[in-house]
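**Student:** Take this structure first; my questions come after.
The values are calculated or read from the model by the stated rules, or taken from the named source; none is laboratory data. The structure presented is a predicted model; accordingly, all values stated were derived computationally and were not measured. Positions of Cβ are generated from backbone atoms using ideal geometry, with glycine treated the same way; all protein chains shown enter the neighbour counts.
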């Protein structure tokens, strides 16, 4: 069981991340620089092989790909390694983390990927 100090630090880090997301989404402090960087990346780094590579990375990092990886990892821990406690704790940890990301995306109203998690 985590100690109260660890829980407090986790909640504090989560609150700071939410606050920074709200600042980035609703103020002009970050947006012009971010848009300028995005535009320069689009113009300077657009090549065929890189687009293909990044489409593959985008698919693997998508919610479907993440669920597949989580399922395979859990099955490997459960069936191959015979560690049901580790399999269950890994699955639950990732599930709670995924839900925390959903809450953060909903709270900040900002989606930064073509395949958004939220």
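**Student:** Test of understanding: among 93, 75, which residue is in the same structural domain as residue 105 (by TED's automatic domain parsing) and modelled with pLDDT of 90 or more?
**Tutor:** 75
**Student:** Residue check: is residue 102 more than 13 Å from the chain's Cα centre (by Cα), under 24 Å from residue 21 (Cβ atoms), at pLDDT below 80 and assigned to a helix (DSSP H, G or I)?
**Tutor:** Against the criterion (more than 13 Å from the chain's Cα centre (by Cα), under 24 Å from residue 21 (Cβ atoms), at pLDDT below 80 and assigned to a helix (DSSP H, G or I)), residue 102 does not qualify.
**Student:** With the requirement that a residue be touching a residue at least 24 places away in the same chain (Cβ under 8 Å) and touching a helix residue (DSSP H, G or I) at 6+ places or on another chain (Cβ under 7 Å), what does segment 16-58 give you?
**Tutor:** 17, 18, 21, 22, 25
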